[in-house]
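The values are calculated or read from the model by the stated rules, or taken from the named source; none is laboratory data. A quick note: this is a predicted structure, and the numbers were derived from the prediction, not measured. A quick note on method: Cβ atoms are made from the backbone with ideal geometry, for glycine too, and the neighbour counts reach across all protein chains shown. Surface areas here come from the heavy atoms of the whole protein model, side chains and all, with no ligands, DNA or RNA. Shrake-Rupley method; radii C 1.70, N 1.55, O 1.52, S 1.80 Å.
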Amino acid sequence: MKEVGSQVTIAMDGPAGSGKSTVARRIAEKLGLLYLDSGAMYRAVTLLALQEGLAADSPKLIDRVKTCHIEFMDNGRTILLDTKDVSVQIRTPAVNRLVADVAKIPEIRREIVKHQQRIGAEGSIIAEGRDLTTIVFPNADFKFYLDASVTERAKRRLAELQAQNEKATLVAVEAEIRERDKKDTTREHSPLRAADDAATVDTTDKTIEEVVDLIIAHVYPNER
Ligand code: C5P
């Protein structure tokens, strides 16, 4: 339990489409916390690889990660890569396909985790991704693991893609999600898993607001 107003770190992990980003962003707004979208950072590095024609495991990409500048604005809504707004470009199917291969490289993770921990030291935060509860903030005040059925997750991703006028089918999106899940959960370094001390929330049949309320009630049980 936390007193309203005291410093808090909430860490959340889960697979693609489990609702983490939307839920975390909403909680950040409601509680006035900093929102850290860790996946956006791996996506920005992937975009860098695509733009500069570098292979996911190339030493040049590791060098670039050390010198590139990744910054968030508008509390996570906008992401800048070397001062350029790449918020839309990091969500394209090309990035979706490559990101798990970039994110499995330990030297790349090391740089990004350092950056995330620096952001986390700035104040109260809600951070989400694949290793926030296990590696980045192992001492977080609250840990959650969000999950949902693969079909439900694919439906959510398809709706997002359609909103961006991207052409996709449910079958293709589900296949891409399954492939990314497999890579994220079986990789050697920082695989996606539920931390032993994380509360699991199945979001399959829940609305965003229901999940948000459930988590806030867990963090501030006396405020309801
Ligand atoms: O959360 P999102 O789907 O945007 O993440 C994109 C990819 O970035 C994931 O599939 C995973 O490969 C990688 N990632 C990671 N560790 C994190 C966040 C994301 O490896 N903490």
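Taking Cα atoms only, the orientation of helix 20-31 departs from the longest principal axis of the chain by about 50 degrees.
Its residue count N fixes a reference of 2.2 N^0.38 Å for the chain, and the Cα radius of gyration divided by that reference is 0.98.
Under a model in which nothing but the beta-carbon of Lys, Arg (+1) and Asp, Glu (-1) is charged, the chain shows a dipole of about 440 debye around its Cα centre. Close amide-amide hydrogen proximity is noted between THR203 and ASP147, ALA148, each under 5 Å apart and 5 or more residues distant or on a separate chain (H modeled in the peptide plane; Pro and chain starts excluded). Comparing THR207, VAL86, GLN51 along the charge dipole axis of the chain, the residue lying farthest to the positive side is GLN51, per the Cβ-charge model. Please compare each pair in LYS60/LYS143; LYS114/LYS183; LYS114/LYS143; LYS143/LYS206 to a cut-off of 24 Å on the Cα-Cα distance and tell me which ones are over it. Result: LYS60/LYS143 exceed 24 Å.
A straight Cα-to-Cα reach below 23 Å connects LYS167 with the lysines LYS155, residues fewer than 8 places away in its own chain not being considered. Taking a ≥ b ≥ c as the square roots of the eigenvalues of the Cα gyration tensor, the range 185-224 is oblate, since a/c reaches 1.5 or more and a/b is not larger than b/c. Helix-only arithmetic for the chain: the sum of -39500 (n - 2.57) across DSSP H runs with n ≥ 4, divided by the residue total, places the mean residue ellipticity at 222 nm at -15000 deg cm²/dmol. Per residue, the chain exposes 49 Å² of accessible surface when a 1.4 Å probe is rolled over the protein heavy atoms with every protein chain present.
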